[in-house]
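Working notes, structure below.
The values are calculated or read from the model by the stated rules, or taken from the named source; none is laboratory data. Computed from a predicted model, the values in this text were never measured in an experiment. Quick reminder, even Gly has a Cβ in these numbers, built from the backbone with ideal geometry, and neighbours come from all protein chains shown. We work out accessible area using only protein heavy atoms, side chains counted, and drop any ligands, DNA or RNA first. Shrake-Rupley method; radii C 1.70, N 1.55, O 1.52, S 1.80 Å.
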Amino acid sequence: MGMDCRKSIDFLLENGRDVIQYRLHKEILHDLTEAEEAKLLEKVMQTPEYQLLLTHVKPNGYIGTGMHSWEKFKTSHLDDGENAARLLHNYAIPKDMSIVKNFVKAMRDDAVLEQEFSYYNPEKVRFQTRSIGINSGSTLDVILYTCQALLGYGDDPEMRHFVDASYQAFVSLLDYASADEITTYNPNLKRKYNYPTIPPDTYFPCQYHLETLAETKSWRTPEKIDRLAQAIDHHDRITRDFGGFAVKLGGKQVGPGWAYMSPFFSLSFPQKAPNHRKTLTALAKVSGEKTQVVRESAETLREMLAGDGVLRTTFSSSYEKSRFKDNFRSGHPYAEVGLEPDHKKDTAIWCELTFWAVEFLHILQSMD
């Protein structure tokens with residue numbers, strides 16, 4: 001890691017807790033022996049969040065109840081397949097550990113999935129229609145595939161068609177001068193809510209597409225990376241005044257599943273969206289500084305770290321600070337990555353932000 005982050009790293013080495021120490025040494029400093037890495041990993045696996053996750057592991061390997069599913073059936077925030085996969089990813093649990101291997105195996109077993117999504121009739125329907133809408137992000141399979149990518153299995157042959165769809169979801173936008181060209185609208189429909197719509201097989205990018213591309217290598221060539229960067233910048237131009245859409249599915253208008261209907265925002269505090277920095281990380285992983293939003297964010301970040309190397313922010317009220325801390329929710333899809341066990345002290349907040357900053361800049365350096 002370049003010397004420009006030395007102060008930041010020193011701060012994290014002194015103040016970061018177990019997960020940050022593990023990831024900092026393993027992913028950025030690369031200074032661990034096999035025994036040292038195993039020792040740090042063991043500390044991670046003794047954290048309360050990981051221990052809670054273990055209580056939701058089932059004999060068939062699946063973890064949690066459903067996936068991005070109904071809150072009323074969950075016994076904890078990690079009693080959900082997607083949240084579980086995200087925690088394993090955020091904690092950098094190795095892909096060859098049995099908890100990860102068995103979870104991925106379960107996600108690729110139709111009999112297991114049918115059983116896991118049989119607890120509630122809407123979930124049964126969701127499972128039966130899981131492959132409709134992969135291109136637009138409006139389906140269960142999109143989440144199942146993304147979770148496999150997050151866990152390190154995104155370059156397997158079973159994932160190839162979704163990786164291709166994820167890439168096409170972005171580059172297809174280059175064919176349009178306006179995002180409105182993608183949708184159709186029928187003003188004569190007699191319904192309470194009537195939106196412009198797209199068919200489920202229409203390509204349009206969502207967070208799951210982006211995260212899958214960020215965690216895979218099989219699609220990458222210099223030409224494809226350049227084209228994806230062009231598509232991201234083009235997306236930000238054509239969605240500036242875009243009103244959004246619903247997906248037309250079986251005579252209904254359904255939500256498109258975390259679709260990117262507005263431009264990406266460069267780094268700012270307070271954040272523009274609950275998962276703002278997480279999205280910037282994924283953008284950095286797929287394009288480096290080839291996109292305007294990443295370049296602007298990197299410039300802002302380097303300025304903010306220029307002093308003592310610690311990334312901090314200010315809060316206009318105790319309520320704003322509380323909301324900011326609450327957004328570090330372990331494994332939650334719509335939250336920032338939370339690595340510290342609690343945020344009672346401001347130092348823990350600065351550790352979260354500073355580790356993200358170091359990771360972000362390290363990704364950009366590795367993309368050069």
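Some values worked out for this structure:
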| quantity | calculated |
| --- | --- |
| Label-point gap, in nm, between residue 75 and residue 322 - each point 7 angstrom along Cα→Cβ | 3.0 |
| Highest-fluctuation residue, 218, 136, 316 considered, GNM on the chain with Cα pairs under 10 Å | 316 |
| Relative contact order of the stretch 69-181, defined on C-alpha pairs under 8 angstrom at six or more residues apart (%) | 22 |
| Student exercise, the stretch 221-320 dipole from Lys, Arg, Asp, Glu Cβ charges, in Debye to nearest 20 | 440 |
| Fraction of accessible area attributable to carbon and sulfur, the stretch 51-162 (%, probe 1.4 Å) | 52 |
| For the chain, share of DSSP beta bridges that run antiparallel, in % to the nearest 5 | 75 |
| Extension reserve of the residue 156-residue 29 stretch, reckoned as 0.36 nm per residue once the Cα distance is removed | 42.9 nm |
| Gained length - residue 180 relative to residue 368, 0.36 nm times residue gap less alpha-carbon distance | 64.2 nm |
| Cut-off 15 Å, label 7 Å out along Cα→Cβ of residue 193, residues of the stretch 247-288 by amide N | 247-249, 252-259 |
| Straight-distance crosslink candidates among lysines, where the alpha carbon sits under 23 Å from residue 285 and sequence neighbours closer than 8 are dropped | 26, 95, 217, 224, 272 |
| Surface per residue (accessible, 1.4 Å probe) for the chain, Å² | 46 |
| Selection from 98, 55, 202 lying farthest towards where the dipole of the chain points positive, charges on Cβ | 202 |
| Estimated FRET transfer efficiency (residue 92, residue 120; beta-carbon r; R0 35 Å; 0.05) | 0.60 |
| Chymotrypsin sites (Phe, Trp or Tyr not before Pro) restricted to DSSP loop in the stretch 87-192 with at most 15 other C-beta within 10 Å | 119, 120, 176, 185 |
| Label zone at residue 105, where the point sits 7 Å out along the Cα-to-Cβ direction: the stretch 36-70 residues whose backbone N lies under 15 Å | 58-63 |
| Within the accessible area of the stretch 312-368 (1.4 Å probe), percent carbon and sulfur | 48 |
| Helix-derived mean residue ellipticity, 222 nm - over the chain, DSSP H n ≥ 4, -39500 (n - 2.57), to 500 | -14500 deg cm²/dmol |
| The chain, dipole about Cα centre (Lys/Arg Cβ +1, Asp/Glu Cβ -1), debye to the nearest 20 | 1060 |
| Anisotropy class of the stretch 218-368 from Cα gyration tensor, a/c 1.5 cut | oblate |
| Reach of residue 192 by Cα under 22 Å, taken over lysines that are not fewer than 8 positions away in the same chain | 248, 252 |
| Accessible area, probe 1.4 Å, largest first, for residues 258, 356 | 258, 356 |
